[in-house]
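Take a look at the structure below.
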Amino acid sequence: MSDHRGEFAVEKMCDVFGVSRSSFYDWLNRKPSKRALENDVLRQTIQEVTEQTKSRLGSPKLTLELEDRGIFISRPRVARLMKSMGIRSIISKKFKVCTTESDHPYAPSKNLLDRDFTATGPGVKWVSDITYVKTQQGWLYLTIVMDLFDRKIIGWSMSSTLEANPTVIAALRMALRKRPVNPNELIFHSDRGVQYACEEFRALLKNHRIIQSMSRKGNCWDNAVAENFFKIIKSELIYQLPVLNVRQIQVELFEFIEIWYNKERKHSYLNYLTPEQFGETTKTKAA
């Protein structure tokens, strides 16, 4: 009614809506409550966080982000405010990764990981996988190596081909530079793709005395954590972008992995710490 006072007489609107004029003017002159004023400030902060994180946070993680900024309110309240603002996190989309070529002459390694995705420390269990990203120039193949201890992406590569050297070998070499391992203590798990089964890759594993493990044939759940990372990167980044040229998508992928995922994105498995925070916390406890 207040918004339409310039168009219609107050007396007429009160008759239509069945309220008295005195009640309307009492409501009009009433000062906003303390909670209403708080909600206005919170909505502004929620909007800022949502824009900064590119709508990647739902109410649980947004609540934690507010706590990091010194604002302590309940998750249901955050959810109500988000709903009133029409804000929702990015919805995951289903996707199918079609980069595994298991029809090759190489013998697969045993599944030593056996879906035990826990690790007692860094450099004990690594998982790896390959996915593809469409660009204006064709497909770009992204390979990642993740340490299951802190869920950090410690190695990655981008390539226009699925050959072993620019994909899995390059990603593993990066991981070894960033996180050296002890001989015969690391299990490296992947699917049965030819890149992981070929002589060149296995020679690299042997040289560093890394123990190889492979998923069972056609069983994506055996490498579920690596698969889930690709679900995250597809839903939070790739599906939100137009088809870019190779250089543009390389920049986007670099920023997502090295800045957003490793350093800023809170992980439920890590008690809502980022991989970087979790690693630093465990170092402090060990000291």
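For residue 272, nonlocal amide neighbours, meaning residues 5 or more places apart or on other chains whose placed amide H falls under 5 Å from its own, are 267. If you wrap the tightest convex hull around every Cα atom of the stretch 125-286 and split its volume per residue, you get 114 Å³. Computed on the stretch 201-287, the Cα convex hull volume stands at 178 Å³ per residue.
Where a number appears in this text, it was derived from the coordinates with a stated rule and is not lab data. The shown structure was predicted, so the numbers you read here are calculated from the model rather than taken from an experiment.
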